[in-house]
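> Take this structure, written in structure tokens, and hold onto it; I'll ask about it next.
Every number in this text was worked out from the coordinates using simple rules, so none of it is lab data. Given the structure is predicted, the values throughout are model-derived calculations rather than measurements. Cβ atoms come from the backbone with ideal geometry, glycine included; neighbour counts cover every protein chain shown.
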Amino acid sequence: PVPTPPSTVDGFVKQFLENLNLERGVTLSTASPNDRYIALATTVRDFLVARWLEDIRRQKDAQAKGVCYLSAEYLLGRQLDNNLLATRLTDIATEALASCGIDIDDMRALEVEPGLGNGGLGRLAACFIDSLATMSVPSIGYGIRYEYGIFRQTFVGGQQVEQPDAWLTLGSPWEFAHPESAQTISFGGHTETYDDGGVTRSRWVPGWNVQAVPYNYMVPGYHNGRVNTLRLWRAVATDAFDLRIFNSGDYEEAVRAQTYAENISKVLYPEDSTPQGKELRLQQQYFFVAASIRDFLDHMLTPGFDLSKLPDRVIFQLNDTHPVIAVPEFMRVLVDEEHMEWDAAWEITQQCFAYTCHTLLPEALEVWSVELLGRLLPRHLEIIYRINDAFLEEVRERFGDDEMRIRNMSIIAEFPERSVRMAYLATVAGAKVNGVAELHSQLLREKVLPDFDEFYPGKFTNVTNGVTPRRFLRLANPGLAGLITDALGAGWTVDLERLRGLESFAEDPEFRARFAEVKAANKRVLSDVLRARDGFEVSDGHMLDVMVKRLHEYKRQMLKVLHIVTSYERIVSGRVKAEDVQGRAFIFGAKAAPGYAMAKRIIHLINAVGEVVNNDPRVEGRLQVLFPPNYNVTLAERVIPAADLSEQISLAGKEASGTGNMKFALNGALTIGTDDGANVEIRELVGDDNFFLFGMTEPEVEELWTRGYKPAEFYQQDEDLRRAIDLIASGAFSNGDRTVFEPIVSNLLYDDRFMVLADYASYIRAQDRVDAAYADQDAWTKAAILNIARCGFFSSDRSIRDYIDRIWHTPPML
Ligand code: 26Y
């Protein structure tokens, strides 16, 4: 039996001091803050290990069906508080540290969050593994242990500058490295056929390889004693590789080769919509899925397992196309290594994979050139060709020689260069394909993959995204969590539909007063954080109007900028009196992909507008623009609970789901939003009276495109819009320099792919409705409470239940 320290203050103190001595080699009085933090994290870890080892054993013994979640990203956020909460150690640890003269808040502040993801997709994976553990689903998460996560963003002269995120430098107490269990992952080389006792078989003769070293993270369930595993792979050079070169006497070349191998897990790609087709990215993808599949087969199955029974044991969930190279790898293992018949192997493969799509933007769909794939993974390319041949044969049988249809459905695209469409491969291989919100799943079937929907009836389904209530309500908003627990009892944390019980409290003036007090307190906390972090002074009594998400043209931060400039211009032109304006602080958080020039210009513009607005006495006390750099999970946990208004303003049909929208609603912010992604479902649930809807619907967007969209006409016809754009063009936000933001202005007037100008008037009217509504604070509070009460659906526990019912069919392990 593995020992667990007693869950008492004394037990915690003893373990903590022991870890300081034995793990860090220091005493309490000589310990640095980092020593203390690491010893604290190690102590919390010590409380989890016994349960974890027990669960690993139970999952294996049960030989039940489990989920392997394959994701290139996990945007975990800080671990300390989450793990204290899961183990009910928060109060004990606080008191224990205090008795050692340590303020636990100082420890919290030291943790560098593992930013191993870009945005929504990576954070979704983190929410899902939290729910999987909390719901006792047999499962494991697989991914990449990037040495550098998403870049650290700073602003220099208002422009984004990226800095490396060296999150590992002070140590990483939450992981267990197992270099002794490393696996060899191969690349390159060629393929050949050989005679195997009368049977002709294919095999891959690779050209080079690297080692995949597993790093295990514990993923505790909430108050259920369960601990799941997240296994992230790190690339290191193989000895053999080094030796060959060492023997040739070329030391420098040997070191270079090592660097090349270790580059594979060096850095998270910061692009999140336009795939660059970079070789290193494909190396990353193959590296982690090959290691994960091997790991599953070697460690989760009993020796001699009958591989034809694999569909009863595992479902590999593909988080977007990033891990889709797992499909030909799985086939290669079954056919080349296990000598299974092709048809039998394909039958199994089609039951063992399912694919989640997270986008609708055509430019975001990953393709790999045949040239690159054939060079890096020659056997996989052959397998993909064979899958495609068999698939197109079936299409021909069904539809005859409809060459147009066949070209459209082929996994291999011919133009602009011959390449593999990973979304098509995933669709053909997957038992199920799902979108991430109702509207998105519908558009996926009707617009992106209609031929496949026709060909595979019943394959397409929807699972609306969700967020974990543990991190985004219980931990991030302890004031609100306490209020809810007082009203409803504690069960809501694992059964979020119970929030319905708050509906009646919306009518209770005393409850409303307490809610308003919590919101005000959260604003003070945020204000203190922004002062300490960025030197900002948030004005008192302002409405907090928040837009936090990756910077993308389709998300339309630019529309928000136009609203701010309009509000500002109306006052300085004298058309509106400052004293009649509701005080607002506009808060932004957004990183732009380093190569995305337009996104970076928009960041520059937001900062430039802020600089002018924040320093113009004519709008003082009315308008404020705050753009703290380096928005991440840690900052989200502060910003979201303080928000009054949630900006979800993407062009209809472009945002697959959004998950920030759910976090805000659950924290009692009202949404101003378009009919897009999960906004649609939020509005249905909270009701029109409690949601500020604006903008075109997706069919209206389509119609305007077909008619021919001329943004300049909207500019001509709307005085407010004209004044706002003219002000930007005049150099008012660039010290008179008219060139700086000219590309933004001309893009809006003559291109405007995401129809900012078409939705501007409707947006401004909706914002005027927001102002009017905010004037009645009590009614606003009532609407905020109703938002919380009616959004229990958006728990990631419910998403996981949907995955189990519709896709995985993996009963919880009770
Ligand atoms: C291929 C590479 C460039 C790439 C890397 C990351 C492509 C996409 C991504 C990330 C995409 C992403 O975060 N998508 C978001 O997924 C969320 C979770 O489903 C959705 O809520 C959100 O609407 C969608 O934009």
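> Calculate how many DSSP beta bridges within the range 342-464 are antiparallel, expressed in % of all such bridges and rounded to the nearest 5.
50
> Through the Karplus equation 6.51 cos²θ - 1.76 cosθ + 1.60, θ set to phi - 60°, convert the phi angles of the range 732-737 into ³J(HN,Hα) values in whole Hz; use x for Gly and Pro.
Karplus-based 3J(HN,Hα) across the range 732-737 equals 4, 10, 9, 6, x, 6 Hz.
> When the label point is put 7 Å from the Cα of Leu361 along its Cα-to-beta-carbon vector, which residues of the range 559-579 have a backbone N closer than 13 Å?
The answer is none, because no backbone nitrogen lies closer than 13 Å to the label point.
> Further, regarding this structure: What residues have an amide H closer than 5 Å to that of Leu626, excluding those fewer than 5 places away on the same chain, when H is modeled at 1.01 Å from N in the peptide plane?
Phe586, Ile587, Phe588
> Please report His604, His322, His440, His223 as a ranked list, fewest other C-beta atoms within 10 angstrom at the top and most at the bottom. All intermediate terms of the calculation are to be shown ahead of the outcome.
Working: His604 21, His322 25, His440 29, His223 15.
Fewest to most other Cβ atoms nearby, the residues stand as His223, His604, His322, His440.
> If you keep only loop residues by DSSP, which trypsin sites (Lys or Arg not before Pro) in the range 274-337 have at most 13 other Cβ atoms within 10 Å of their Cβ? Mind dumping the intermediate values first?
Working: sites: Lys278, Arg281, Arg294, Lys309, Arg313, Arg332; in loops: Lys278, Arg313.
Qualifying residues, ordered by number: Lys278.
> Could you work out the helix-only [θ] at 222 nm for the chain, with each DSSP H run of four or more residues adding -39,500 (n - 2.57) and the total divided by the number of residues, to the nearest 500 deg cm²/dmol?
-14500 deg cm²/dmol
> If I histogram all Cα-Cα distances within the range 135-174 using bins 10 Å wide from 0, what percent of pairs lands in each bin?
Percent of pairs per bin, in order: 22, 31, 26, 15, 5.
> For the chain, what is the relative contact order in percent, using Cα pairs closer than 8 Å and at least 6 residues apart in sequence?
Contact order relative to length: 13 percent.
> While we're here: Applying the Karplus parametrisation 6.51 cos²θ - 1.76 cosθ + 1.60 with θ = phi - 60° to the phi angles of the range 392-401, what ³J(HN,Hα) value in whole Hz is obtained for each residue in order, glycine and proline being reported as x?
5, 4, 4, 4, 4, 4, 7, 10, x, 7
> I would also like to ask the following. Would you report the distance distribution of C-alpha pairs in the range 171-215 as whole percents per 5 angstrom bin, up to the bin with the largest distance?
Reading the bins upward from 0: 6, 18, 13, 14, 13, 12, 9, 7, 4, 3, 2, 0.
> Next question. Report, in debye and to the nearest 20, how large the dipole of the chain comes out about its Cα centre when Lys and Arg carry +1 and Asp and Glu carry -1 on their Cβ.
Charge dipole of the chain: 1020 debye, to the nearest 20.
> Largest first and to the nearest Å, give the Cα extent of the range 52-188 along each principal axis.
Its Cα atoms span 56, 53, 31 Å along the three principal axes.
> Could you work out the mean projected area of the convex hull around the alpha carbons of the range 351-404, in square nanometres to one decimal? List each step's numbers first, then the result.
On the way: hull surface 23.1 nm².
In nm², the orientation-averaged hull projection of the range 351-404 is 5.8.
> Convex hull over the alpha-carbon atoms of the range 1-83: what's its volume per residue in Å³?
Output value, Cα hull per residue: 137 Å³.
> To the nearest µm²/s, what D does Stokes-Einstein give for the range 382-425 at 37 °C and 0.692 mPa s, using the Kirkwood radius over alpha carbon pairs as Rh? Please list the in-between numbers first.
Values: Rh = 10.7 Å.
In µm²/s, the coefficient rounds to 308.
> Give the long-range amide H neighbours of Val161: residues separated by 5 or more places, or on another chain, with amide H under 5 Å away, using H modelled in the peptide plane at 1.01 Å from N.
Distant-sequence amide H within range of Val161: Thr154, Phe155, Val156.
> Rounded, prolate or oblate: which fits the range 243-382 when a ≥ b ≥ c are the square roots of the eigenvalues of the alpha-carbon gyration tensor, with rounded for a/c under 1.5 and prolate only if a/b beats b/c?
oblate
> So for the range 542-793, taking the charge dipole from beta-carbon charges (+1 Lys/Arg, -1 Asp/Glu), which of Asn690, Gly677, Gly595 sits furthest toward the positive end?
Ranked along the dipole, the leading option is Gly595.
> Continuing with this model, one more query. Over the Cα atoms of the range 351-451, each weighted equally, I'd like the Debye log10 I(q)/I(0) at q = 0.14, 0.20, 0.25 Å⁻¹, rounded to two decimals.
-0.58, -1.16, -1.46
> Cα to Cα, under 18 Å, and not fewer than 8 places away if on the same chain: which aspartates and glutamates meet these conditions relative to Lys523?
Asp534, Glu537, Asp540, Asp545, Glu637, Asp644, Glu647, Asp778
> Also, quick follow-up: Taking θ as phi - 60°, what are the ³J(HN,Hα) couplings along the range 773-780 by the Karplus curve (6.51, -1.76, 1.60), each to the nearest whole Hz, with x for Gly and Pro?
Using θ = phi - 60°, the values come out as 5, 5, 4, 9, 4, 5, 5, 4 Hz.
> Could I ask something else about it? For the range 627-714, what value does the Rg/Rh ratio take when both radii are computed over Cα atoms and Rh is the Kirkwood radius, given to two decimals?
1.05
> Take every Cα-Cα distance within the chain, group them into 10 Å bins from 0 onward, and report for each bin the whole-number percent of pairs it holds.
Percent of pairs per bin, in order: 2, 13, 22, 25, 20, 12, 5, 1, 0, 0.
> A follow-up question, please. In percent, what relative contact order does the range 258-380 have, based on Cα pairs under 8 Å that are 6 or more apart in sequence?
Details: 88 pairs, mean separation 41.5, N = 123.
The value is 34 percent.
> Considering every Cα-Cα pair within the range 418-458, what fraction, in whole percent, is farther apart than 13 Å?
54
> Report the far tail of the P(r) of the range 147-255, meaning the percent of Cα-Cα pairs longer than 19 Å.
Tail fraction, whole percent: 70.
> If packing is taken as the mean number of other Cβ atoms within 10 Å per residue, what is the order of 519-532, 196-209, highest first?
Put in order of decreasing packing, that is 519-532, 196-209.
> Moving on to the next point. Which aspartates and glutamates, on any chain, are close to Lys447 with Cα under 18 Å apart, when same-chain ones fewer than 8 places away are left out?
Within the straight-line limit of under 18 Å, Lys447 reaches these aspartates and glutamates: Asp320, Glu363, Glu366, Glu438, Glu655, Asp675, Asp676, Glu698, Glu700, Glu702, Glu703.
> As a test, work out the antiparallel percent of DSSP beta bridges whose residues both lie in the chain, rounded to the nearest 5.
45
> If you filter the range 330-398 for GluC sites (Glu not before Pro), then keep DSSP loop positions with at most 10 other Cβ within 10 Å, what is left?
Loop-located and lightly packed - Glu341.
> Return the long-range amide H neighbours of Tyr148 (sequence gap of 5 or more, or a different chain), with a cut-off of under 5 Å between placed amide H atoms.
Excluding prolines and chain starts, which carry no amide H, the hits are Val267, Leu268.
> Taking all pairs of different Cα atoms in the range 542-793, averaging 1/r and flipping that mean, what Kirkwood radius in angstroms comes out?
This gives a value of 18.4 Å.
> What are the equivalent ellipsoid semi-axes of the range 676-757, built from the alpha-carbon gyration tensor (square roots of five times its eigenvalues), in whole angstrom, biggest first?
30, 17, 11
> Next up: Tell me, Ile603, Ile144, Ile104 in order of fewest to most beta-carbon neighbours within 10 Å?
Ile104, Ile603, Ile144
> Now for a separate question. Pairs Lys432/Lys710; Lys519/Lys555; Lys560/Lys710; Lys278/Lys549; Lys459/Lys560: which exceed 32 Å Cα-Cα?
Lys432/Lys710; Lys459/Lys560
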